[in-house]
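Values quoted throughout were computed directly from the atomic coordinates according to the rules given, and no laboratory measurement underlies them. What you see is a predicted model, and the numbers here were worked out from it, not measured in a lab. We place every Cβ from the backbone using ideal geometry, glycine too, and count neighbours over all the protein chains shown.
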Amino acid sequence: MKVRVHVSLKNGVLDPQGRAIHHALEGMGFAGINDVRAGRLIELDVADTVTDAALDDMCRKLLANQVIENYRIEKA
Amino acid sequence: MGFTAAVITFPGSNCDRDMAVAVETITGGTVHRVWHGDAALPDGLDFIALPGGFSYGDYLRSGAMAARSPIMQAVIEQAARGVAVLGVCNGFQVLTEAGLLPGALLRNAGQRFVCREVALTVGTSQSLFTSGYFKDQRITVPVAHHDGNYFADEATLDRLEAEDRVAFRYAEPVNGSQRQIAGVLNTAGNVLGMMPHPERMIEPAQGGSDGRVLFESVLRAVGVTA
């Protein structure tokens, strides 16, 4: 089973990387960009026996740091 | 029995030897070098140090992998028993990732790696790590980091200040840290995480010895004679 975990910074957490990308895009001449936030995509290939609860556990214990990040699990 | 310490080495640690030399030189005690994959710490420890570096290449998040390594379970147990635990730089990141300290260290606001001596002010002298300083004392200690931008929510920051748990603050802009926080203590006061490197400032040949006081404070608090 393919699983995608999307990790993004919480609102209010400064994102220097997103800001740098924003700045670079504007420097290239792209107009109308209001904001850029950079996140992380983690793709897992797991056995069908792996439960939703186990996936959630993986996110909470390692894949995302809930002090600063949100996560979303997407199963293919 | 003399002062007994452990310095943990993770894959990618690079300040472990400096830390061990500083602890040994200043305390005159025994320093055990412990590998991250070890399941247990030596008995009778007075002090545990998590050094700087780039454990696991800073993959995923700085300190995230190291915080889940086998030895950290033992470090968490010793911290709960009241053993003094110091995390410097990557060690601070590991302590936050392990949940021993609140908050997180984000990418520097200026996006650049910062490597220079910075001025700090001592936030409190009421801790076993900082008793040798006086409150608001200005000291100089080097930093060398890319992810040193301390973040915690407002309620946590308020609590840290109300409980006198901000050990050090930057006296100048360095990395965008909330409320200029450079180092924080846990609730019990026996765990300190800080981005600046006190182990690199222990004798005049290194440009100053402001970091030495921290280790002397620990030695005095532990109450063993060197």
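Taking the Cα centre of the range B:4-222 as origin, work out the dipole magnitude from +1 charges on Lys and Arg Cβ and -1 charges on Asp and Glu Cβ, in debye rounded to 20.
Dipole about the Cα centre, nearest 20: 240 debye.
Does the range B:94-226 come out rounded, prolate or oblate, given a ≥ b ≥ c as the square roots of the eigenvalues of its C-alpha gyration tensor, rounded meaning a/c under 1.5 and, failing that, prolate meaning a/b above b/c?
Because a/c hits 1.5 or more and a/b fails to exceed b/c, the range B:94-226 counts as oblate.
Along the charge dipole of the range B:33-81, which of B:LEU50, B:SER62, B:ALA40 sits closest to the positive end, that is, farthest toward it, with unit charges on the beta carbon of Lys, Arg, Asp and Glu (+1, +1, -1, -1)?
The Cα lying farthest towards the positive end belongs to B:SER62.
Size of the dipole of chain A about the Cα centre, Lys and Arg at +1 and Asp and Glu at -1 on the beta carbon, nothing else charged, in debye to 20?
The calculation lands at about 140 debye.
Return B:TYR170, B:TYR59 ranked ascending by Cβ neighbour count within 10 Å, so the fewest neighbours appear first.
B:TYR59, B:TYR170
Work the Kirkwood hydrodynamic radius out for the range B:83-141: mean of 1/r over every pair of different alpha-carbon atoms, inverted, in Å.
For the range B:83-141, the Kirkwood estimate is 13.5 Å.
For q values of 0.15, 0.16 Å⁻¹, compute log₁₀ I(q)/I(0) with the Debye formula on a Cα-only model of the protein assembly as shown, without solvent.
Those come out to -1.16, -1.29, one per q.
Got a sec? Which residues in the range B:197-214 would a label at B:GLU163 touch, if it sits 7 Å along Cα→Cβ and we count backbone N under 16 Å?
Output list for this probe position: empty.
Could you work out the equivalent-ellipsoid semi-axes for the range B:168-226, taking the square root of 5 times each eigenvalue of the Cα gyration tensor, largest first, in whole Å?
Semi-axes, largest first: 23, 18, 7 Å.
Taking all pairs of distinct Cα atoms, average 1/r, flip it, and tell me the Kirkwood hydrodynamic radius of chain B in Å to one decimal place.
Radius from the Kirkwood sum: 16.9 Å.
Could you order peptides B:86-99, B:110-123, B:181-194 by the average number of other Cβ atoms within 10 Å of their residues, highest first?
Final packing ranking: B:86-99, B:181-194, B:110-123.
Note down the net charge around B:GLU172, summing +1 for each Lys or Arg and -1 for each Asp or Glu among other residues with Cβ under 12 Å from its Cβ.
Result for the local shell: +2.
State, to one decimal in nm², a quarter of the convex hull surface area for the C-alpha atoms of the range A:2-75, i.e. the direction-averaged projected area.
6.0
I want the local charge near B:GLY189. Using Cβ-Cβ distances under 12 Å, sum +1 for each Lys or Arg and -1 for each Asp or Glu among the other residues.
-1
Using the number of other C-beta atoms within 10 angstrom as an exposure proxy, rank B:VAL174, B:VAL31 with the fewest first.
If I rank by nearby Cβ atoms, fewest first, I get B:VAL31, B:VAL174.
May I ask you to sort B:VAL222, B:VAL166 by Cβ crowding, counting other Cβ atoms within 10 Å and putting the fewest first?
B:VAL222, B:VAL166
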